[in-house]
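Student: One structure follows; several queries about it will come next.
The values are calculated or read from the model by the stated rules, or taken from the named source; none is laboratory data. Model, not experiment: these values are computed from the prediction. Glycine gets a Cβ as well: all are built from the backbone with ideal geometry, and neighbour counts include every protein chain shown.
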Amino acid sequence: MKTVIANWKMNPLSLNEALNLVKKYKIYKNLDIWIAPPYLYLIPLITKFRKIKFGSQNIYFQDKGPYTGEISPKMIKKIGGKFVIINHSERRKIGENFKIANQKIISVINSNLTAIVCLGEDKIIKNIKILKSEWQKQIKILFKNINLNNKSIILAYEPTWAISTYKQGSVSPEIVSEFIKFIKNLGFNNKIVYGGSVFIDNIKIYLDLPLDGFLIGSQSLKPKNFNKICDLIDKSI
Ligand code: 13P
């Protein structure tokens, strides 16, 4: 079963738009559709759409207490959320780091939610040795005191530079393939998804890779495009 995770980021502006967006998403037999909307829309969406898994784009690593403005994994679990995205580069841009992400992964796993852990280089690195040492460095901090093969972990290879906001294109399938080999060599046997400028016209280049799915930003806000991308993934299974 492949998984397509829609990261809506800070969109859309109203609950009505959020409900309409999900209504337009197609449901597949062999493809899991997961959606990470803004926190505010989680309860109404979870209540209304039973066939889709919903989760959050972030959490704090404590269960409860004096942490103004934060939401805990236990709260996400209690309302029926299934997963949490951790270490997204847009969180790092506003001050988070890999050490904080490490604590978040632990708290998400302890709450019996799936942790979708983002990682990847910030800038384009052409030298494969340097690239691998960057991945190694990130993994070491992210998974300190965590079993890489904990079944609650999904890795999302999503280099910052490849996110559509930066208009620098997506990662070549060769490099994604290197990443998969690298991570498997470390003994990682869980799911790996790719994220970064996934569009209708480039999804095909990734479909022969041993990936378990995709993490999609901008195109997940355009249901027609999103469905078309999912159709192509579905056909390739
Ligand atoms: P884009 O699909 O817009 O590049 O965004 C990727 C992303 O940030 C998903 O987490």
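Student: For the range 9-29, give me each residue that is surrounded by fewer than 20 Cβ atoms within 10 Å (Cβ to Cβ), within 12 Å of PRO223 (Cα to Cα) and within 16 Å of the ligand (Cβ to nearest atom).
Tutor: TYR25 - this is the single residue of the range 9-29 that is surrounded by fewer than 20 Cβ atoms within 10 Å (Cβ to Cβ), within 12 Å of PRO223 (Cα to Cα) and within 16 Å of the ligand (Cβ to nearest atom).
Student: Right, another one. All but one of (1) more than 16 Å from the ligand (Cβ to nearest atom); (2) buried (at least 17 other Cβ atoms within 10 Å of the Cβ) hold for GLU90; state the number of the condition that does not hold.
Tutor: (1)
Student: Could you tell me whether GLY65 is out of contact with any helix residue (DSSP H, G or I) (no Cβ under 7 Å at 6 or more places or on another chain), at positive phi and modelled with pLDDT of 95 or more?
Tutor: Yes, satisfied.
Student: Of all residues in the range 165-186, which are assigned to a helix (DSSP H, G or I) and among the basic types (Lys, Arg)? It would help to see each step written out before you state the result.
Tutor: Start the filter on the range 165-186 by keeping residues that are assigned to a helix (DSSP H, G or I), which leaves 165-166, 173-185.
Answer for the range 165-186, where residues must be assigned to a helix (DSSP H, G or I) and among the basic types (Lys, Arg): LYS181, LYS184.
Student: Okay, next question. Does any residue of the range 105-122 turn out to be of a type in the set (Asp, Glu) and either in a helix (DSSP H, G or I) or without any contact (Cβ under 8 Å) to a residue 24 or more places away in the chain (or both)?
Tutor: Taking the range 105-122 first, the residues of a type in the set (Asp, Glu) are 121-122.
Keeping just the survivors that are either in a helix (DSSP H, G or I) or without any contact (Cβ under 8 Å) to a residue 24 or more places away in the chain (or both) gives none.
There is no residue in the range 105-122 that is of a type in the set (Asp, Glu) and either in a helix (DSSP H, G or I) or without any contact (Cβ under 8 Å) to a residue 24 or more places away in the chain (or both).
Student: Of all residues being aromatic (Phe, Trp, Tyr) and farther than 20 Å from VAL117 by Cβ in the range 173-232, which is farthest from the ligand (Cβ to nearest atom)? Just the residue, please.
Tutor: Restricting attention to the range 173-232, the residues satisfying the condition of being aromatic (Phe, Trp, Tyr) are 179, 182, 188, 194, 199, 206, 214, 226.
Then keep just the ones that are farther than 20 Å from VAL117 by Cβ; that gives 199, 226.
On the way: PHE199: 8, PHE226: 10 Å.
Checking each candidate, the answer is PHE226.
Student: Do you know which residues across the range 126-163 are within 16 Å of the ligand (Cβ to nearest atom) and either in a loop (DSSP other than H, G, I, E, B) or at pLDDT below 95 (or both)?
Tutor: Correct list: GLU158, PRO159, ILE163.
Student: Restricting to the range 33-52, count the residues that are in contact with a strand residue (DSSP E or B) (Cβ under 8 Å, 6 or more places away or on another chain) and surrounded by 17 or more Cβ atoms within 10 Å (Cβ to Cβ).
Tutor: The number of residues fulfilling the criteria is 9.
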